[in-house]
């Protein structure tokens, strides 16, 4: 009986020591080491790929934002603020402007099939809006010029990038709304156009948040 009690006590003691050691290793040491390595080698990514402007965090380079006007009385859907470059349609994003903290409401796709009547209606309405909004004196957008990413959301609804084609389509409107030369705005787009990752992965893209921050700086200098 005494031997049994002693064995039980020994096993409980060993289990407790193992628990304490594993807690220390996996709950303290390992997280600290991983955090330290991440901060030392991948500081930007480890902290959410934050984008700063004017000394403040204004968003993440990995999450898209909306650039809209304040809601007017009786309005449910805000109008786009056309002095800024617009991102992809994304029902999951809250209203925002270039220097406010983004408000994330929902991530996800519509899951509507390509022949779904609701989706077709949404795409047609979005295309008509893109044509109307971006047609300014001396520059008319044709429906055939509107790229797919201008009228469809991404799988997550959070895509921070647009195609160079969509960015260039907005250049004349942004220049006109901000009183800037078209050539200067086009230079911004060219400067912020990224190629395929490693030369072959994905498609060329323009980060809308970073482009709008650069646009704000250009407007201030002008």
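The values are calculated or read from the model by the stated rules, or taken from the named source; none is laboratory data. This is a predicted model, so every value here is computed, not measured. Neighbour counts are summed over all protein chains in view; Cβ atoms, including those assigned to glycine, are modelled from backbone coordinates with ideal geometry.
Points worth noting:
- Taken over segment 183-222, the residue count meeting the criterion of being part of a helix (DSSP H, G or I) and either touching a strand residue (DSSP E or B) at 6+ places or on another chain (Cβ under 6 Å) or touching a residue at least 24 places away in the same chain (Cβ under 8 Å) (or both) is 15.
- Against the numbered list (1) assigned by TED's automatic domain parsing to the domain that holds residue 213; (2) over 31 Å from the mean Cα position of the chain (by Cα), residue 69 comes up short only at (2).
- Here residue 155 meets the list (1) closer than 24 Å to residue 50 by Cα; (2) surrounded by fewer than 18 Cβ atoms within 10 Å (Cβ to Cβ); (3) at pLDDT 90 or above almost entirely, failing just condition (3).
- Consider segment 181-222 and keep the residues that are closer than 18 Å to residue 136 by Cβ and buried (at least 19 other Cβ atoms within 10 Å of the Cβ). The one that is farthest from the chain's Cα centre (by Cα) is 185.
- Filter pass, residue 86 being touching a helix residue (DSSP H, G or I) at 6+ places or on another chain (Cβ under 8 Å), surrounded by 10 or more Cβ atoms within 10 Å (Cβ to Cβ), farther than 30 Å from residue 126 by Cβ and modelled with pLDDT of 80 or more: no
- Residue match in segment 79-87 (condition: free of Cβ contacts under 8 Å to residues at least 24 places away in the same chain and over 23 Å from the mean Cα position of the chain (by Cα)): no
- For segment 127-154, a residue qualifies if it is assigned to a helix (DSSP H, G or I) and touching a helix residue (DSSP H, G or I) at 6+ places or on another chain (Cβ under 7 Å), and the qualifying residues are 127, 130, 131, 133, 134, 143, 145, 149, 150.
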